[in-house]
Amino acid sequence: DTGVSQNPRHKITKRGQNVTFRCDPISEHNRLYWYRQTLGQGPEFLTYFQNEAQLEKSRLLSDRFSAERPKGSFSTLEIQRTEQGDSAMYLCASSFRQASNYGYTFGSGTRLTVV
Amino acid sequence: EDKVVQSPLSLVVHEGDTVTLNCSYEVTNFRSLLWYKQEKKAPTFLFMLTSSGIEKKSGRLSSILDKKELSSILNITATQTGDSAIYLCAVGYNNNDMRFGAGTRLTVKP
């Protein structure tokens, strides 16, 4: 499978717990993006990497959220001390060059439910 | 404030109908407009538009950009139940920013 892969597909966690999601982009894509999507809304930008460098972070990304891409390949998104408002679909996308010129390829997402 | 607005938010039609979905935007340094189809999970790419007035077509779907009106339309002719999905419009702007609209939820009834 040469698409964008995300794990896990679903995660149910208790409020206050930490969770970590993984994204494996298309191998030749050097740009990786994290988005959050809630019901009835389009994806909202969270953060973006070019290779291993995190170049941009949204104001939506509070200090409970941290993302890494240590070797410029896969990325992880960690949410600490989860809150019910964190319940959403977390989408990862990758692109070869500027997404605004070439578009994204999205993964299937990780659906997080905080109970 | 940069924004992307899609209309209608939801639409219910019957098989065989033709639908037109709208996307309007206000962004700085526009680069491109993209349409995606989202069924149960990941959005899948439909079209990328950068030039005004040039129609892109794929089967029963077509789309066109109007930079003067800061908008785009997505047309689907002879709709089928498999067209039921959320259609997302995204606008690329500035260096690498991309903003999505809230989407149009299309339901095609048999």
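Taking the numbered list (1) within 14 Å of chain A (Cβ to nearest Cβ); (2) modelled with pLDDT of 90 or more; (3) open to solvent by 10 Å² or more (accessible area, probe 1.4 Å); (4) over 28 Å from B:E15 (Cβ atoms) in turn, B:D66 passes all entries but (1).
Which members of region A:52-65 meet the condition of being under 20 Å from B:F100 (Cα atoms) and surrounded by 12 or more Cβ atoms within 10 Å (Cβ to Cβ)? Lay out the reasoning, then the answer.
First pass over region A:52-65, keeping only residues under 20 Å from B:F100 (Cα atoms): A:55-61.
The answer is A:L55, A:E56, A:K57, A:S58, A:L60, A:L61.
Please find, within region B:9-21, the residue that is least open to solvent (accessible area, probe 1.4 Å) out of those that are part of a strand (DSSP E or B) and in contact with a Pro (Cβ under 9 Å, 6 or more places away or on another chain). Looking at residues that are part of a strand (DSSP E or B) and in contact with a Pro (Cβ under 9 Å, 6 or more places away or on another chain), I get B:L21.
The set of residues in region A:25-51 being without any contact (Cβ under 8 Å) to a residue 40 or more places away in the chain, over 14 Å from A:D86 (Cβ atoms), open to solvent by 30 Å² or more (accessible area, probe 1.4 Å) and assigned to a strand (DSSP E or B) consists of A:F45, A:Q50.
Could you pull out the residue among B:K41, B:K67 that is free of Cβ contacts under 8 Å to residues at least 40 places away in the same chain, of a type in the set (K, R) and within 19 Å of A:S94 (Cα to Cα)?
Values: B:K67 fails: within 19 Å of A:S94 (Cα to Cα).
Exactly one of B:K41, B:K67 is free of Cβ contacts under 8 Å to residues at least 40 places away in the same chain, of a type in the set (K, R) and within 19 Å of A:S94 (Cα to Cα), namely B:K41.
Going through (1) free of Cβ contacts under 8 Å to residues at least 24 places away in the same chain; (2) assigned to a loop (DSSP other than H, G, I, E, B) one by one, B:T79 falls short only on (1). With respect to (1) more than 13 Å from chain B (Cβ to nearest Cβ); (2) open to solvent by 70 Å² or more (accessible area, probe 1.4 Å); (3) within 19 Å of B:D97 (Cα to Cα), the lone exception for A:E68 is condition (3). Do you know which of the residues in region B:92-104 that are at the interface with chain A (Cβ under 8 Å from one of its Cβ atoms), assigned to a strand (DSSP E or B) and within 30 Å of B:D17 (Cβ to Cβ) is modelled with the highest pLDDT? The residue in question is B:F100. Taking the conditions (1) open to solvent by less than 30 Å² (accessible area, probe 1.4 Å); (2) assigned to a strand (DSSP E or B) in turn, B:S24 satisfies each one other than (1).
The values are calculated or read from the model by the stated rules, or taken from the named source; none is laboratory data. These figures come from a predicted structure and were not determined experimentally. Don't worry about glycine lacking a Cβ; one is built from the backbone with ideal geometry, like all the others, and counts go over all protein chains shown. The area values use the complete protein model at the heavy-atom level, side chains included, leaving out ligands, DNA and RNA. Shrake-Rupley method; radii C 1.70, N 1.55, O 1.52, S 1.80 Å.
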